[in-house]
Amino acid sequence: MTDIFSLSLEELATKIKDAQLTSVDVCEKYIERINKFDKDIKAWAHFDKKVLLEKAAEADDHRRSGKPIGPLHGVPIAVKDIIGTVDMPTECGTVIRKGKSYSQNAEIIDLLHASGAIVMGKTATSELAYLGPPATTNPHDKTRTPGGSSSGSAASVASFMAPASIGSQTGGSIIRPASYCGVVGYKPSYGLISRNGVLRTSYNLDHIGIFGRKVEDVAMLAKVLIKKDKFDPATIHYSTENILSETKKGPLFDPKFIFYKTEHWKLIDKKSRESFEYFINSFKKNIEIFDTPSYFKDIHKYHQIIHETDLANNFSVYFKKFKKKLSKYMQDAITKGNKHSAKEYAEAIDFMKRSYESYEEVFEDYHGVLSPASPGVAPKGLKSTGTAEFNKVWSYLGTPCISLPLLEGENNLPLGVQLIGNKYDDHRFLGVANWLEKECQE
């Protein structure tokens, strides 16, 4: 039988469509992996194998009936436990929501269903998608963090317990776990994927993103999920018809990149720094090294003001009623958020547009910006999910970014290279990411 774990998302969907595999075959293989590994990795907040097999059998019956099927028919996809589902709990990583589900599905759940995909279950998240870590461990070393807040989404794909998954990022919650777990993590441009029906932490900073094993996997899932939604006013009309074919095609000529050695470069451990130096030298005809723009310092400050103020606003009821059930991380953030002034918040929002206009000039001459995806490999211990110094700027600017598992740091642990593109240029951006991935494999 085919080794389903070596198949791309597209190959998996094609084999199900052509009846070379059944959805039940595929789901049974993933259930075996989950039974074997999840007791150590703890990537799942909610997983019911009986329900999954029922859905897979329904998908197979539907295909056999000859009715039209969607591009992901019968393919199981994992989703982060902040994404609203009617038929499964949505606990958002907090005891406050234990056993509670949403009264309607998130828009992206409906889009998955429309594509024929099966929602496998809910993956573990940091408390309310912030910093309080879940029990999830890193598949490469269970004494280390998988990153957060999309901890289970990254770990489930890295350990082959799901072919792909959906997560979210407000600071570094897709890119950092992807780097630590050694998978591809893609955060599209702000406003491409609807957040309607997803736990809101910050209207101006929240992004939905995707984890996969290859760039083409995340492009295929993006094609299904990117859609204008009147219930999320941030979303825009954006055609995804050619997104997968453009990703495969890649750039017309060898791309040029800037590599930012940010002021945080000194935080990177020695072995990881050596890996990045080697990477830069391997692509020296494509890469120019720059210092980061001076205004990036302000972005870190402004990102924090927006994030903390929005947490204070969105979780004010939890803070009033269940303060003792919130982690110290969340209590501190809300306390700070309540102290930021309206003027500071307005400045932080205004600076988004101004700083993006300055930054955008880069793309007149370069295909993308490169930087570390994280300050080294996954840190030891499970009390923290790591830090987002290398990610917050791009969440604030709303640009597309992707972590590619191209390097190794100490103990042969995975280390991601982060590629950043121009806003709403995701087709071309993914093509460049695919080029980089393939160049590094040769």
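A few remarks follow.
- Out of P146, P134, sole residue that is open to solvent by 10 Å² or more (accessible area, probe 1.4 Å) and farther than 16 Å from S395 by Cα: P134
- Index of the failed condition, I82 passing every other in (1) more than 24 Å from K321 (Cβ to Cβ); (2) within 23 Å of the chain's Cα centre (by Cα): (1)
- Selection within region 143-198 - touching a Leu at 6+ places or on another chain (Cβ under 7 Å) and closer than 19 Å to A234 by Cα: T170, I193
- Among residues of region 121-131 being open to solvent by less than 40 Å² (accessible area, probe 1.4 Å) and out of contact with any His (no Cβ under 8 Å at 6 or more places or on another chain), the one that is nearest to L225 (Cα to Cα) is T123.
- Residue pairs meeting the criteria (Cβ under 7 Å; at least 6 apart or on separate chains; first more than 27 Å from Y130 (Cβ to Cβ), in region 206-225; second β-branched (V, I, T) and not in a helix (DSSP H, G or I)): R213/V183; R213/V184; K214/V184; V215/V184; D217/V184; K223/T240
- Taken over region 400-442, the criterion of being within 14 Å of the chain's Cα centre (by Cα) and open to solvent by 20 Å² or more (accessible area, probe 1.4 Å) is satisfied by P405 alone.
- In region 303-316, the residues that are free of Cβ contacts under 8 Å to residues at least 40 places away in the same chain form Cβ pairs under 8 Å with partners that are hydrophobic (A, V, I, L, M, F, W, C), at six or more places apart or across chains, as follows: E308/A333; E308/I334; A312/F319; A312/A333; A312/I334; S316/I334.
- Candidate set from region 164-183 (those that are of a type in the set (G, A, S) and assigned to a strand (DSSP E or B)); member that is nearest to I306 (Cα to Cα): S168
- Among the residues of region 5-62, just one is free of Cβ contacts under 8 Å to residues at least 60 places away in the same chain and at positive phi, namely A19.
- R64 meets all of the listed conditions (1) in contact with a helix residue (DSSP H, G or I) (Cβ under 6 Å, 6 or more places away or on another chain); (2) more than 25 Å from S6 (Cβ to Cβ) but one, namely (1).
- Every condition in (1) open to solvent by less than 20 Å² (accessible area, probe 1.4 Å); (2) closer than 24 Å to A348 by Cβ; (3) of a type in the set (A, V, I, L, M, F, W, C); (4) over 24 Å from the mean Cα position of the chain (by Cα) is met by F315 except one, and the failing one is (4).
- The set of residues in region 344-361 that are without any contact (Cβ under 8 Å) to a residue 12 or more places away in the chain and either among the charged types (D, E, K, R) or touching a Leu at 6+ places or on another chain (Cβ under 9 Å) (or both) comprises D350, K353, R354, E357, E361.
- Wholly within region 291-410, helices (runs of 4 or more DSSP H) carrying at least 1 residues that are touching a Phe, Trp or Tyr at 6+ places or on another chain (Cβ under 9 Å): 296-314, 328-337, 342-360, 392-397
- All positions within region 207-218 that are surrounded by 24 or more Cβ atoms within 10 Å (Cβ to Cβ) and either touching a Lys or Arg at 6+ places or on another chain (Cβ under 8 Å) or modelled with pLDDT under 95 (or both): H207, I208, G209
- Matching strands (runs of 3 or more DSSP E) fully within region 184-262 where at least 1 residues are under 14 Å from the mean Cα position of the chain (by Cα): 184-187, 207-212
- The residue list S341, S371 contains one member that is touching a residue at least 40 places away in the same chain (Cβ under 8 Å) and either of a type in the set (G, A, S) or on the phi > 0 side of the Ramachandran plot (or both), which is S371.
- Candidates G152, G147: the one that is touching a residue at least 24 places away in the same chain (Cβ under 8 Å), more than 10 Å from the chain's Cα centre (by Cα) and not in a loop (DSSP other than H, G, I, E, B) is G152.
- Output for region 339-353, where each listed residue is over 15 Å from Y203 (Cα atoms) and not hydroxyl-bearing (S, T, Y): K339, H340, A342, K343, E344, E347, F351, K353
- Restricting attention to region 225-242, the residues that are over 19 Å from Y186 (Cβ atoms) and of a type in the set (G, A, S) total 0.
The values are calculated or read from the model by the stated rules, or taken from the named source; none is laboratory data. Just so it is clear, the model here is predicted, and its values are computed rather than measured. Glycine also receives a Cβ, built like all others from the backbone with ideal geometry; neighbour counts cover every protein chain displayed. For the accessible areas, the whole protein counts, side chains as well, though only heavy atoms, and no ligand, DNA or RNA atoms are used. Shrake-Rupley method; radii C 1.70, N 1.55, O 1.52, S 1.80 Å.
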